[in-house]
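What follows is a set of notes on a single structure, which appears directly below.
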Amino acid sequence: MFQVHSIRIATVAALGVLLVLSGTAPAGQALKESAAAELEVRVLEAQMPTPQGEHSDVLYRMEVISVLRSASPVTPGDSITVRSYALSQEARDRGVVGPKILAPGWLGIAYLNPDPETGGPDSGRQFTIAADGDSFEDIPPGPPSLRWTEDVEVRAE
């Protein structure tokens, strides 16, 4: 009798965990897919003021390596500004999830939205993170999946 109930409880618990996990993964993916820009970037500079409270703003200057998807007028080689935030150590100790701090030279994919706090002629190059805490992805190691080659046509005159 005891074994039958423990098997039922374990089965219900396993199904509950699977249900929770399957519900959170698509939510994070939906935030990434709804981002206005998906760019391959390199961090040139990171400015972080002294921490004030649980969140501190971080301002990144990034170089656009390639444009995977974007509604903004950015092209490879452009320098953009990205506003993100960092969590205090106390918040991390409590288990609060937030974006990772990127070091200069980091190369990866950024999911971004236009920064609503900016305006003016440079507003097309100022962004904020899109998926809360999950806007930066490392590029997987390994060879590139696509190789670019140019065919040079030689004409004899």
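The values are calculated or read from the model by the stated rules, or taken from the named source; none is laboratory data. Note that this is a predicted model, so its numbers are computed, not measured. Note: ideal-geometry Cβ built from the backbone for every residue, glycine included; neighbour counts use all protein chains shown. Remember, those area values only see protein heavy atoms, side chains included, never the ligands or the DNA or RNA. Shrake-Rupley method; radii C 1.70, N 1.55, O 1.52, S 1.80 Å.
Worth pointing out:
- Computed accessible area, S34, all protein chains, 1.4 angstrom probe, square angstrom: 80
- The H on the amide N of L44, modeled in the peptide plane, is under 5 Å from the matching H of R61, M62, E63, G105, each at least 5 residues off or on a different chain.
- Among residues other than T75 with Cβ under 14 Å from its Cβ, the summed charge is -1 (Lys and Arg +1, Asp and Glu -1).
- Residues whose amide H lies under 5 Å from that of Y85, counting only those 5 or more places away or on a different chain, are V58; hydrogens are built 1.01 Å from N in the peptide plane.
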